[in-house]
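Novice: I have a structure here, written as structure tokens, and I will follow up with some questions on it.
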Amino acid sequence: MDGLLIDLASPMDSENFDKEHFKLVENDIKHLFKTFTENKIENISPVHEVEFSCFLASMKKKEAKEKSSLKYINFNDSNIGTVHNIWKSSGTDPYSINMAAIKVKIATGIMILQYQRSRFSKNCISAICPLCNIEPEDMTHFILKCEKLSSIRNRFMQELKSLLVDCNKPPLLIQELFDDKENLLHLIIDCTSYHFLTYKEQVRIETLTRGLCYKLYHKRLLLMSE
Ligand SMILES: [Zn+2]
């Protein structure tokens, strides 16, 4: 079990590692670990799915809901033992699972953006996006706005819109989703909160947004290393 603890807790991008945030995440994972032990949940594969569904269950607590880094996750429809759409939609293909792991990092705030880095440093570190230097790098900026990532984002946004059209969603609804950044982030991070989408549609959207998040994450890493 120690291995699991390390596996989920270690950020892939060490330069995005933040000790204070890591402590918060580590505490959540320790709570999760305790849940495992107490409920004798064992031998369930792949283990990440169980970890994440327990993580979501533990996050249902009011104080966790208020953590801004988790506000785009749909807690209301997640139960212990239910595999979340982020994992479920990725199937068994290792490449998809790897992309889902990145999506989880982004969705749960394990991936540290400059805005959080600044907050944890008590504003000693600037919150301004290190890629474009235009405005604070929060989730909205990273996923929807940063111009340095627009070449990746634009194609996916077009595909996302086409997908909704293909699913016969009313034009007004699509416009409402795309005109409001909060709505759009909910759609991208965890579309399961939108009950007007069928399960199949949620899987299609998750597959697309998994790719978007994965590409944005890697493009950011690449630009940061230049
Ligand atoms: Zn930027």
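Rule-based calculations on the coordinates, nothing more; no lab input. Given the structure is predicted, the values throughout are model-derived calculations rather than measurements. In this analysis, Cβ positions are derived from the backbone assuming ideal geometry, glycine residues included, and neighbour counts consider all displayed protein chains.
Novice: A 24 angstrom limit on the alpha carbon distance is what I want to check against. Which of LYS105/LYS181; LYS88/LYS181; LYS122/LYS219; LYS181/LYS219; LYS145/LYS219; LYS71/LYS103 exceed it? Don't skip to the end; give the middle numbers.
Specialist: Working: LYS105/LYS181 20 Å; LYS88/LYS181 26 Å; LYS122/LYS219 28 Å; LYS181/LYS219 21 Å; LYS145/LYS219 14 Å; LYS71/LYS103 14 Å.
The pairs that break the limit, which is 24 Å between Cα atoms, are LYS88/LYS181; LYS122/LYS219.
Novice: Show me 160-169, 215-224, 135-144, 184-193 ranked by packing, highest mean number of other Cβ atoms within 10 Å first. Walk me through the numbers on the way to the answer.
Specialist: Numbers: 160-169: 14.8, 215-224: 16.3, 135-144: 19.5, 184-193: 21.0.
Output ranking for 160-169, 215-224, 135-144, 184-193: 184-193, 135-144, 215-224, 160-169.
Novice: So, one more: When you count, for each residue, the other Cβ atoms within 10 Å and take the mean per peptide, how do 82-88, 200-206 rank with the highest first? Each step should come with its number before you reach the end.
Specialist: On the way: 82-88: 20.1, 200-206: 18.4.
Highest to lowest by the protection proxy: 82-88, 200-206.
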